[in-house]
Structure formats: C-alpha cells, structure tokens
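J.: Could you have a look at this structure, given as structure tokens, before my questions?
The values are calculated or read from the model by the stated rules, or taken from the named source; none is laboratory data. Treat the numbers as computed from the prediction; the structure is a model and nothing was measured. When we count neighbours, we look across all protein chains shown, and the Cβ atoms used for this are built from the backbone with ideal geometry, even at glycine.
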Amino acid sequence: MAELELKDVCKSYGNVEVLRDINLDISTGELIVFVGPSGCGKSTLLRMIAGLELITGGTLTIDGQLVNDVPPAQRGVAMVFQSYALYPHMTVRQNMGFALQIAKQSKKEIDDAVNRAAQALQLEPYLDRLPKALSGGQRQRVAIGRAIVRDPKVFLFDEPLSNLDAALRVATRIEIAQLKKDMPESTMIYVTHDQVEAMTLASRIVVLHGGDIEQVGPPLELYERPRNEFVAQFIGSPAMNLFEGEIIETGETTRVRLTEGGGEALSKVPTTENHKGQVVNVGVRPEDFVLAETGGGAYSGHVGICEALGEVTLLYFDKSSPTDDGVIAKIPGIHPHLLQENVSVTADPSKVHLFANGVSLLYS
C-alpha cells in the first residue's frame, strides 16, 4: 500500500496554533492510532492527511510524492467518518459502489469489488437493503466497505465506533482487527479517544497533547515505559497514581520516601549518587497495587469508596487535601469488606515509575 512521512507539519487558524512541528514516519502495513484529549489536534491531523485541511507548514509525502497541494480525490486515501454518511435512498450495494460508478468503472468491476468487500465484512445478506433497515454496527460496516472498494493507498478512520453502543463497539472493533489481519499490506490511520481501541488495534500509538507529539511507540511500550507523566496518566484506566517523594537510596534499585504518609517505595529504575535527595514523583498504576500488612506498605489510607466489579475491586482512598487527586487501587477479586477500613498497599519494584520535572528517569 503506502508509506507516509510528515516532516515539520504545522497547522494554524490565524494566530491560533493547533499543531506544531509534527514529525512522523508511517510504514506500509502499519495501523497507527492517534490518541489524546479533546482539542489536542488528532482529528485535524487526520484531515490534513486526507486533504480536507490545508497544511500551514511542513511537508506531507505519500509513497515519496509531495501531496501538500494535491486534491483529496487524487491522494489515494479513503476516509471513514464518525457519522456513517450513507445515502438513505440507496441500497447497501449502491452505497458501496457509488464511488466506483462516479469513476466510470464497468458494472462487472463494481460488482466484483462490492462483493469482495461485502464478503470480508459479512454484509452479503444486506446488499439489497436500505440503510434505515440496518443496525448502527451494520451501517458502520457499510461505510468501511465503501472505503475498501476504492482500494486506497491509505485508510483513514475518524472515531468510527463512537456512535455505537458498548456491545456493538466491541463487535465492530474485533471486525476491524480481523479486517486488518486480512489486509496485512494496508496502511491505516485511526483516531480515537477510546484507550481499549488504541491498545488492541494499534501497531503504534501516537499520543498528542496541546499540538505536540508526546510519545510514539507500540501500545505496551507506552503502557510499561511512558516517557513522561502525561503519557503515564493518559494511557491506562484508571489513571496512574502519582506520589511526591524523595530519593533516599540509589543504585540498581532506588528507594524513595513518600511525602504523603511517610511510607517507602522501591523502584527498579536505576539511579546514581547524584540523584540522592532529589524530589521525584513516584508513579504506580492502580492495577499494580497489592494489599500489604497494615502500616507496612508503600501507601496507607482510609478507603472511602469501594466498587466491587466482580473480577476486580476498585478502592478509592480518601483525599488528604482538597488539591489531592486521590489514590485508587485496583485489586483482583472481591473485597467489599475493605470499605471504611484503613488499608495499606504496595507494588513490585519493577512496576514503580519515577519522574523528575515531569519526565521519566528512564529517559532523562
């Protein structure tokens, strides 16, 4: 399919800078997912690749061809929008083949392309139905099929599952994963705010924040080795807990005394003698906490809210101050008896992250 290169790409609306110096290489066959908070520029970046937004600065190349000023129809891209955007008076077959009809392809070519896409997306029983006779998930599959029949260089997905209910989201996400497996040479770029979609679908995730790229990497790399506090707290749900502390022992294993509660945490992040006495933030994901003997863990507190979900129990510790974000522990099993109790938790040193001035000590 296609390789893309974005070099120093910028986007401004008047004096408002939306994206700054975006540098990204996307290889053939990758499924790249853009994630980030609302307003970070992820959909704008996708629309710039599609040609629906002008590039203010920098260059965009597809297969080595500069496409900054190339019209959308000539870029070899196909976009699947959040809204299905199907023609209500056309059948599924007509919707999927309409772009090929406009391109003056023969009826046989159109029928063959539509039938192949319908088979891949399990839409064959619905080809003669109107969109109003389809479920939301089926309509989204038709929108995806309309993109497939064009045989584009690059598929662009702009939050395609956000209008579906929870069950349909799961089913359609699995279908997209299967589609990617069946089309290994296809290059896909996918925008979502859903972390499960990002973690399960992506070859690599691009985390955007405030118009900048914070980190790019495979899903588990971002989860296990976040470059900074923003990525650490954005990837994962509930968000990573952060505690202020002071490094009191350095080496291959670092010991930190936590400011809040006076407990101590061990981390496998290596430090040198120069780090001794440095104030850092200690990061622990809620799912990495385990119960410890009372008063003997890295953190101890009073559990104000307890959510027993069956496979796990979420423990919400009381805030120590109005500005405190609160501490959350995600403990396997059912533990409703811990509500209104004083509980201590600890974590394996290999799961404890250290940040200085917002940046992970692994990268500083």
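J.: Would you mind stating whether Thr253 is among the β-branched types (Val, Ile, Thr) and in contact with a Leu (Cβ under 9 Å, 6 or more places away or on another chain)?
T.: yes
J.: Is it the case that Lys11 is crowded, with 22+ Cβ neighbours inside 10 Å, in contact with a Ser or Thr (Cβ under 6 Å, 6 or more places away or on another chain), of a type outside the set (Asp, Glu) and within 24 Å of Val231 (Cα to Cα)?
T.: Against the criterion (crowded, with 22+ Cβ neighbours inside 10 Å, in contact with a Ser or Thr (Cβ under 6 Å, 6 or more places away or on another chain), of a type outside the set (Asp, Glu) and within 24 Å of Val231 (Cα to Cα)), Lys11 qualifies.
J.: So is Leu6 buried (at least 22 other Cβ atoms within 10 Å of the Cβ), of a type in the set (A, V, I, L, M, F, W, C) and at pLDDT 95 or above or not?
T.: No: the conditions fail for Leu6.
J.: Does Ser300 count as among the hydroxyl-bearing types (Ser, Thr, Tyr) and modelled with pLDDT of 95 or more?
T.: no
J.: Which one is modelled with the highest pLDDT, of the residues in region 324-337 that are under 18 Å from Met240 (Cβ atoms) and in a loop (DSSP other than H, G, I, E, B)?
T.: If we take residues in region 324-337 being under 18 Å from Met240 (Cβ atoms) and in a loop (DSSP other than H, G, I, E, B), then Val327 is modelled with the highest pLDDT.
J.: Any residue in region 253-275 that is of a type outside the set (A, V, I, L, M), crowded, with 20+ Cβ neighbours inside 10 Å and under 30 Å from Thr200 (Cβ atoms)?
T.: Yes: one or more hits.
J.: Using the structure shown, decide if Gly301 is in the same structural domain as Glu260 (by TED's automatic domain parsing), out of contact with any helix residue (DSSP H, G or I) (no Cβ under 7 Å at 6 or more places or on another chain), surrounded by 13 or more Cβ atoms within 10 Å (Cβ to Cβ) and in a loop (DSSP other than H, G, I, E, B).
T.: It is false that Gly301 is in the same structural domain as Glu260 (by TED's automatic domain parsing), out of contact with any helix residue (DSSP H, G or I) (no Cβ under 7 Å at 6 or more places or on another chain), surrounded by 13 or more Cβ atoms within 10 Å (Cβ to Cβ) and in a loop (DSSP other than H, G, I, E, B).
J.: Name the single residue, out of those in region 282-298 being under 25 Å from the mean Cα position of the chain (by Cα) and crowded, with 21+ Cβ neighbours inside 10 Å, that is farthest from Thr250 (Cα to Cα).
T.: Pro286
J.: If you don't mind, another one. If we only count helices (runs of 4 or more DSSP H) wholly inside region 19-136, which ones have 3 or more residues that are of a type in the set (D, E, K, R) and either exposed (fewer than 15 other Cβ atoms within 10 Å of the Cβ) or on the phi < 0 side of the Ramachandran plot (or both)?
T.: Where helices (runs of 4 or more DSSP H) fall fully within region 19-136 and carry at least 3 residues being of a type in the set (D, E, K, R) and either exposed (fewer than 15 other Cβ atoms within 10 Å of the Cβ) or on the phi < 0 side of the Ramachandran plot (or both), they are 107-120.
J.: Quick one: count up the residues across region 312-323 that are surrounded by fewer than 16 Cβ atoms within 10 Å (Cβ to Cβ) and either of a type outside the set (Val, Ile, Thr) or modelled with pLDDT of 95 or more (or both).
T.: 5
J.: Only one of Ala167, Ala143 is among the aliphatic types (A, V, I, L, M), surrounded by fewer than 21 Cβ atoms within 10 Å (Cβ to Cβ), at pLDDT below 95 and not in a loop (DSSP other than H, G, I, E, B); which?
T.: Ala167 is the lone residue from the list that is among the aliphatic types (A, V, I, L, M), surrounded by fewer than 21 Cβ atoms within 10 Å (Cβ to Cβ), at pLDDT below 95 and not in a loop (DSSP other than H, G, I, E, B).
J.: Now a separate question. For region 342-364, which residues satisfy the criterion of being of a type in the set (Asp, Glu) and touching a Ser or Thr at 6+ places or on another chain (Cβ under 9 Å)?
T.: none
J.: Oh, and also: Give Thr294, Thr253, Thr313 a once-over and let me know the one that is over 30 Å from Asp212 (Cβ atoms), of a type in the set (S, T, N, Q), in contact with a strand residue (DSSP E or B) (Cβ under 9 Å, 6 or more places away or on another chain) and free of Cβ contacts under 8 Å to residues at least 40 places away in the same chain.
T.: Thr313
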